[in-house]
Protein chains: 2
Amino acid sequence: MENRIDRIKKQLHSQSYKLTPQREATVRVLLENEEDHLSAEDVYLLVKDKAPEIGLATVYRTLELLTELKVVDKINFGDGVSRYDLRKEGADHFHHHLVCMECGAVDEIQDDLLGDVEKVVERDWHFQIKDHRLTFHGICYRCVEKKEKENGDQ
Amino acid sequence: MENRIDRIKKQLHSQSYKLTPQREATVRVLLENEEDHLSAEDVYLLVKDKAPEIGLATVYRTLELLTELKVVDKINFGDGVSRYDLRKEGADHFHHHLVCMECGAVDEIQDDLLGDVEKVVERDWHFQIKDHRLTFHGICYRCVEKKEKENGDQ
DNA sequence: ATACTGATTGTAATGATTACAATTTGACAC
DNA sequence: GTGTCAAATTGTAATCATTACAATCAGTAT
């Protein structure tokens, strides 16, 4: 964890940004909640525990900055809020998401599934891909199992 | 075009909704601007030309309804607005988008590129896919050409 | 110490979207 | 055709996320 923060610090410095205490607290919250997909508001509330004097505007600005540095990805699942999702370290591509329409859970797929697809797009559409977003909507394995169990009871 | 509207009308009726004049005007605007990715506000302004008495709230509600019926898809490219995109008739999957980071253009890919990927996801993650969203961010062929031309001048 | 740049703060403003209460419309029974 | 009723629509007000602003603060270099 400390290593991770150190590296982010270096990354900031390399672009002549500073890792201020507020920024560090924000990054820590993100690291501690790596599985989740927190909104800016969520992050704000969690950071407030560590650093009660922090302002909402600072959290927004920090998240914006981290997005620029590709430390996090800003994603949007269609509810009205942007969510911020830590990139796996060293990942050059954005991971994919499985959104359950039943229970609302969001799972992540770290594998790069789009290699072949991207080749096709670059070749056939002459589009230089820099990044991608891929989200599947459907029923997660937990809800599928639950349903099967219920049907078994009938 | 009239056929298309007729079919949408039937679809509405089948769920016991009505195709009111306001709703029809909204659908017409969407059909006439099929290539574009209009925001609710955009639609509102265009519909006002046909039916000046329409209210913004009605446009929002109509778009919401059409989204439910899968006539349009609600998409989000990261700017603060939702955009509404007509589905190709009979398409069971949502088409993909190419967003140009240079000029902001949004092109569509109607081909289904994800067949194989979806098989993998369903098999390996036991996730029942109902729908998907795939967007590539990068440089569109127009901007690539423009750049090449500029470099040729040097 | 002084000056300067960047960062942070709380609050106010903005902009998209939704909720609300009053009014209108359209379909159907008579 | 007329009356009735639910659904639809309207304009406005409220809400919610996000951004802009102006004042203050911190850290660094001179």
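Where a number appears in this text, it was derived from the coordinates with a stated rule and is not lab data. Here the structure is a predicted model, which means the values were calculated and not measured. Backbone-built Cβ (ideal geometry, glycine too); neighbour counts: all protein chains shown.
General observations
- Selection within the stretch A:117-141: residues that are charged (D, E, K, R) and facing another protein chain (nearest Cβ under 7 Å). The member of this set that is farthest from B:D131 (Cα to Cα) is A:K130.
- Residue check, B:S82 surrounded by 14 or more Cβ atoms within 10 Å (Cβ to Cβ) and within 16 Å of DNA strand D (Cβ to nearest atom): yes
- Flag for B:V72 being more than 10 Å from DNA strand D (Cβ to nearest atom) and within 16 Å of the chain's Cα centre (by Cα): yes
- Check on B:R87, away from every other protein chain (no Cβ under 14 Å), in contact with a Lys or Arg (Cβ under 7 Å, 6 or more places away or on another chain) and either more than 14 Å from DNA strand C (Cβ to nearest atom) or under 24 Å from A:I75 (Cβ atoms) (or both): yes
- Residue list for the stretch B:29-45, filter: within 14 Å of DNA strand D (Cβ to nearest atom), in contact with a helix residue (DSSP H, G or I) (Cβ under 9 Å, 6 or more places away or on another chain) and free of Cβ contacts under 8 Å to residues at least 24 places away in the same chain: B:V29, B:Y44
- So A:E64, is it without any contact (Cβ under 8 Å) to a residue 40 or more places away in the chain, within 14 Å of another protein chain (Cβ to nearest Cβ), within 11 Å of DNA strand C (Cβ to nearest atom) and under 17 Å from the mean Cα position of the chain (by Cα): yes
- Pairs meeting the criteria (first residue in the stretch A:85-98 and under 16 Å from A:N33 (Cα atoms) and in contact (Cβ under 8 Å) with a residue 12 or more places away in the chain, second residue polar (S, T, N, Q) and assigned to a loop (DSSP other than H, G, I, E, B), beta carbons under 8 Å, at least 6 apart or on different chains) are A:K88/A:Q110.
- Candidate set from the stretch B:25-53 (those that are near DNA strand C (Cβ under 10 Å from one of its atoms) and either of a type in the set (V, I, T) or in a helix (DSSP H, G or I) (or both)); member that is farthest from B:R83 (Cα to Cα): B:Y44
- Residue within the stretch B:54-69 that is part of a loop (DSSP other than H, G, I, E, B) and more than 14 Å from DNA strand D (Cβ to nearest atom) present: no
- With respect to (1) surrounded by 19 or more Cβ atoms within 10 Å (Cβ to Cβ); (2) in contact with a Gly (Cβ under 7 Å, 6 or more places away or on another chain); (3) of a type in the set (D, E, K, R), the lone exception for B:K130 is condition (1).
- Verdict on A:V144 being more than 10 Å from chain B (Cβ to nearest Cβ), surrounded by 16 or more Cβ atoms within 10 Å (Cβ to Cβ) and of a type in the set (A, V, I, L, M, F, W, C): no
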